[in-house]
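Comments concern the structure below.
The values are calculated or read from the model by the stated rules, or taken from the named source; none is laboratory data. All values derive from a computational prediction rather than experimental measurement. Note that we place each Cβ from the backbone using ideal geometry, even for glycine, and neighbour counts take in every protein chain shown. Only protein heavy atoms, including side chains, enter the accessible area calculation; ligands, DNA and RNA are left aside. Shrake-Rupley method; radii C 1.70, N 1.55, O 1.52, S 1.80 Å.
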Amino acid sequence: MNKAVLKFGGEEISISKSKTKAAIRLKPGMSAPSKRKVAANEKIRDFEIVKIKRGVDNKLDQLRARPDVSVGTHVWIVNDDEGSGLIPTGHLYVEFKPGTAYEQQMATLDEFGLNIRQVVSPEAYRVTVTPESPNPVKCAMLLQKKRNVAVAEPEFMTKPVTEDFLMPSGKFITTQWHHENSGGQVPIIDLPNAVFASNQFKKGADAKIRQAWNLLQSTGSKNIKIAVIDTGFDTEHPALRGDGTKIKNAYNAANRSSDASPWWQDDEGNWRVYSHGTSCAAVAAGAQDAQGVMGAAPNSRIIPIKLDVLSDDAIANAFEHALLNNADIISCSLGFPDPVPLSTFIRNTIARVAREGRNGKGLPIFIAAGNASQRTNHIPRPISDFGTHPDVICVTASNSLDESSSYTFYGPNAFICAPSNGNDGVSITTASVKVVGNSLSHIYTSKFGGTSSATPLAAGACALMLTANPNLTLAQIKDILRRSTDKIVGGYDSNGHSQRLGYGRLNAAKAVQMAIDLAGGGSSNPNTGNGSSNTGGSTQPVTMRGKVTSKYLNVRKGPGTSFDKVDELKNGAIVDLLEKVSGFWRIGTNRFVSADHIAVVASNGAPAPSAGRKGTVTNTFLNVRKGPGTTFDKVGELKKGATVTIFETSNNGWHRIGDNRWVIGTHIQEV
């Protein structure tokens, strides 16, 4: 049993066994043997977490056989999130249905070999498994099937987390200048003791990725999947493997297999590797590591799609695989060697994927414009093939000096540009792969670039936008990207468009802020960019008023609990709602309050009239809760097909459908 579905806390949850962790409890007075110096196992009270590369079942059997181990157990995870884990303690909570005779209660507990450790009430017990019992999770599932049992839940242990966000760091964090460009020199990752000089940088010539992380207070969502279409991938590279759950649904579009490896055979029969796909995937969503090299959205998942042959069948397979496996974003840095148009079949396929993706909200497809090369006599030419499709987002390149990269292809289809190498600027530091003997060597390089790198960077920024607001439509994504860019260099027409730079250089911070504003119904006119943000002090006209719903509400200097408290409001207080920023309402100059405890009201204090979006329930039933999360009390239940009004969407994807009434957005289809 690798997966389990059980009722827990009044809801049905799905959990699965971790593939990378197990837990052991040592016998009293014993310590783990160690013949060599290794990092100590993580401890959670009397359990030790053992990290396992592969074969968790076999490894757990070996651990259980050790004379110093009293208990060995699987670690269970929620939503395939290997970053956290639930350890079954061996205890359960069992509650019998009212009227169950005491003798029947004891017979049921005896049937499963359970010992009572606490009598909670005449019909409720905390119990402990014994060697005669099934494992705690299976025991709870079997008990839940008993007619006389009302509740049976295993007790889990895990470490608590705080809401504090720690900005990524590391020795080579500054090499990620495309995330944040300080204007100073940076180390070169694959050339010891060497640096790129400061005259190769211009402060602020970057995609504002770190500013976007700060706005989100995260590095993206694990629920967002980026399909990267390229020539092959080193899926065991630490940047792509991550915690073991980053890679999803790998696919070879040419032969319809799951082999997305980077190997290829030359004309003389020698085996070689393509490094391009590994680098592209890592620029978009490479996992965070200790040295500070990572993608724009390090938490996002990757769907690697190998496309090493350009035929209609293979191309259609690639894009359809992304669609069928629920990709949220597609990034493709490939193109035809010569300027040929797409076939009608492929044009129609891409149009359908863009239209139908994300359950009809639309799937953003980022395409590299292309680069001048020996085939073009090193002279840029107009954009062709994939980049000309009207439904894609075609990305050109700028450099670390905020100049247009001289090699980039150009044309009316250019939508945005994003930082990469070029001219006197600096290349991109990311993951790569090479062959050593007969094996792949996982390496890093400071030599990646081209529109090939600019494109996954833009795709990663889009993943941050969808983290902020997962309900954005494709039209909204394009509109935000167009309006949030920074106009670098010159040459823009009356519509703000340049054939080399599109609508300007990607600014992820502005884009994320606009996505947040759309989620909360606030202003969509961002003031974030070029290293600064404006979160107060303007004299916007008041468009809404709000009423405090909690006993008291802290007023803070900025939009987050990390800002200083400057005041306190009482229940029922009426305030002006000027704009919504990161889940907080600005109610005055440098005065912000949590939106979770504010009900929007009309000027006379009555509930505000309905002006939200409409949605229908897609699940059999849907719990309504008092706040945006499963920790809030359940206050109602909706049936499949019920229509609701969506007033706002929280940063974690919950919709407010009324005063203190919230539902999870994954079971709502907007209409």
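What number of residues in region 232-257 are open to solvent by 20 Å² or more (accessible area, probe 1.4 Å), at negative phi and not aromatic (Phe, Trp, Tyr)? Selection size over region 232-257: 11. Taking the condition surrounded by fewer than 24 Cβ atoms within 10 Å (Cβ to Cβ) and either over 26 Å from Ile416 (Cβ atoms) or of a type in the set (Asp, Glu) (or both), does Arg210 pass? No, not satisfied.
The numbered conditions (1) of a type outside the set (A, V, I, L, M); (2) open to solvent by 30 Å² or more (accessible area, probe 1.4 Å); (3) more than 22 Å from the chain's Cα centre (by Cα); (4) within 30 Å of Asp190 (Cβ to Cβ) are all true for Asn299 except (3).
Those residues that are of a type outside the set (Asp, Glu) and on the phi > 0 side of the Ramachandran plot, I need them from region 348-407; list them, please. Can you show your working first?
We begin by selecting, within region 348-407, every residue of a type outside the set (Asp, Glu); these are 348-355, 357-384, 386-390, 392-401, 404-407.
Listed by number, the residues that qualify are Arg358, Asn359, Gly360, Gly362, Gly370, Asn377, His378.
All conditions in (1) at pLDDT 85 or above; (2) assigned to a strand (DSSP E or B) hold for Arg545, with the sole exception of (1). Note on region 631-660: among residues that are over 19 Å from Asn469 (Cα atoms) and within 26 Å of the chain's Cα centre (by Cα), the one that is surrounded by the most Cβ atoms within 10 Å (Cβ to Cβ) is Phe632.
Tell me, which strands (runs of 3 or more DSSP E) lie completely within region 382-490 with 3 or more residues that are out of contact with any Cys (no Cβ under 7 Å at 6 or more places or on another chain) and under 22 Å from Leu216 (Cβ atoms)? Step through it out loud before you land on a result.
Details: elements: 393-398, 414-419, 428-436, 439-448.
It comes to 414-419.
Does region 332-344 contain at least one residue that is at pLDDT 95 or above and either under 30 Å from Asn469 (Cβ atoms) or open to solvent by 10 Å² or more (accessible area, probe 1.4 Å) (or both)?
Of region 332-344, the ones at pLDDT 95 or above are 332-333.
Narrowing the set further to residues that are either under 30 Å from Asn469 (Cβ atoms) or open to solvent by 10 Å² or more (accessible area, probe 1.4 Å) (or both) leaves 332-333.
Scanning region 332-344, I find at least one residue that is at pLDDT 95 or above and either under 30 Å from Asn469 (Cβ atoms) or open to solvent by 10 Å² or more (accessible area, probe 1.4 Å) (or both), so the answer is yes.
Yes or no, residue by residue, for (1) closer than 26 Å to His178 by Cα; (2) polar (S, T, N, Q):
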| residue | (1), (2) |
| --- | --- |
| Asp234 | yes, no |
| Leu240 | yes, no |
| Ser258 | no, yes |
| Ala297 | yes, no |
| Ser311 | no, yes |
| Ile315 | no, no |
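So, of the residues in region 415-436 that are among the small types (Gly, Ala, Ser) and closer than 23 Å to Asp289 by Cα, which turns out to be most open to solvent (accessible area, probe 1.4 Å)?
Within region 415-436, the first condition is being among the small types (Gly, Ala, Ser), and the residues that meet it are 418, 420, 422, 425, 427, 431-432.
Pick out the ones that are also closer than 23 Å to Asp289 by Cα and you get 420, 427, 431-432.
On the way: Ser420: 0, Ser427: 28, Ala431: 1, Ser432: 12 Å².
By that ranking, first place goes to Ser427.
Can you pull out the residues in region 272-293 that are under 16 Å from the mean Cα position of the chain (by Cα) and either free of Cβ contacts under 8 Å to residues at least 12 places away in the same chain or open to solvent by less than 10 Å² (accessible area, probe 1.4 Å) (or both)? Answer for region 272-293, where residues must be under 16 Å from the mean Cα position of the chain (by Cα) and either free of Cβ contacts under 8 Å to residues at least 12 places away in the same chain or open to solvent by less than 10 Å² (accessible area, probe 1.4 Å) (or both): Ala281, Ala282, Val283, Ala284, Ala285, Gly286.
Any residue in region 391-408 that is surrounded by fewer than 22 Cβ atoms within 10 Å (Cβ to Cβ) and more than 28 Å from Gln176 (Cα to Cα)? Yes, some residue in region 391-408 is surrounded by fewer than 22 Cβ atoms within 10 Å (Cβ to Cβ) and more than 28 Å from Gln176 (Cα to Cα). Among the residues of region 166-187, the one identified as of a type in the set (A, V, I, L, M, F, W, C), in contact with a helix residue (DSSP H, G or I) (Cβ under 8 Å, 6 or more places away or on another chain) and open to solvent by 20 Å² or more (accessible area, probe 1.4 Å) is Met167.
Filter region 112-151 down to the residues that are more than 23 Å from Gly72 (Cβ to Cβ) and touching a helix residue (DSSP H, G or I) at 6+ places or on another chain (Cβ under 9 Å), then identify the one that is most open to solvent (accessible area, probe 1.4 Å). Ranking the candidates gives Pro122 first.
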